[in-house]
1. Among the residues of the range 29-44, is there at least one that is in a loop (DSSP other than H, G, I, E, B), more than 10 Å from the chain's Cα centre (by Cα) and surrounded by 18 or more Cβ atoms within 10 Å (Cβ to Cβ)?
2. How about the range 82-115: which of its residues are part of a strand (DSSP E or B) and open to solvent by 40 Å² or more (accessible area, probe 1.4 Å)?
3. Take residue 111 and decide whether it is charged (D, E, K, R), without any contact (Cβ under 8 Å) to a residue 24 or more places away in the chain and out of contact with any His (no Cβ under 6 Å at 6 or more places or on another chain).
4. Being under 21 Å from residue 136 (Cα atoms) and part of a helix (DSSP H, G or I) is the filter here; which residues of the range 59-81 pass it?
5. Look through the range 116-148, keep the residues that are at pLDDT below 85 and open to solvent by less than 80 Å² (accessible area, probe 1.4 Å), and return whichever of them is nearest to residue 40 (Cα to Cα).
6. Take residue 56 and tell me if it is free of Cβ contacts under 8 Å to residues at least 40 places away in the same chain and assigned to a loop (DSSP other than H, G, I, E, B).
Amino acid sequence: MTPHTHVDARAIDTAARLRAAGLRVTDSRRAVVEALRAHPHASADAIFGVVVETLPGTSLQSVYNALGDFVDAGLARRIEPAGRPGLFELRVDDNHHHLICSRCGAVEDVDCIVGAAPCLTPSDAHGYAVQVAEVTFWGVCPTCAEAEAVAVDAVGAPL
């Protein structure tokens, strides 16, 4: 009888994902994928903070390299909200959009636009064959709106 060995299905999935994207499987790449799974829409610095907890010898540059490789291979997507650092996510298999809080920077995925969406078809494509439209909705998240309402109630006037 052979002893049972625990094999983490997630680790196998991560390795398979990296190989399918044509990338070599390394500890730092695995850690970056796992950090992105746990923290979608994270900046490279935030991902580094998560990765360094499990792989203390990892450099910020290796995290940037892995993220760049992932984007180039189609394993990850980089979104670039105006005035904020680039954010990374693993959700690349659909044409979804984002809601971003203009106060705290929270990001939520929004499935593709429904109904009439004239903004997804340019009035003049200038000869381009449009493949993807990225839409970013900016607003105030419920947490920030609640905090503002509490602050207004406390002082009787908006801050």
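The values are calculated or read from the model by the stated rules, or taken from the named source; none is laboratory data. Please read these numbers as outputs of a predicted model, since none were measured by experiment. Neighbour counts are summed over all protein chains in view; Cβ atoms, including those assigned to glycine, are modelled from backbone coordinates with ideal geometry. The accessibility values were calculated without ligands, DNA or RNA, using every heavy atom of the protein model including side chains. Shrake-Rupley method; radii C 1.70, N 1.55, O 1.52, S 1.80 Å.
1. Going residue by residue through the range 29-44, those that are in a loop (DSSP other than H, G, I, E, B) are 39-41, 43.
Within this subset, residues satisfying the condition of being more than 10 Å from the chain's Cα centre (by Cα) are none.
Within the range 29-44, not a single residue is in a loop (DSSP other than H, G, I, E, B), more than 10 Å from the chain's Cα centre (by Cα) and surrounded by 18 or more Cβ atoms within 10 Å (Cβ to Cβ).
2. 99, 108, 109 - these are the residues of the range 82-115 that are part of a strand (DSSP E or B) and open to solvent by 40 Å² or more (accessible area, probe 1.4 Å).
3. no
4. Selection gives 71 alone.
5. 135
6. Numbers: free of Cβ contacts under 8 Å to residues at least 40 places away in the same chain: yes; assigned to a loop (DSSP other than H, G, I, E, B): yes.
Yes: the conditions hold for residue 56.
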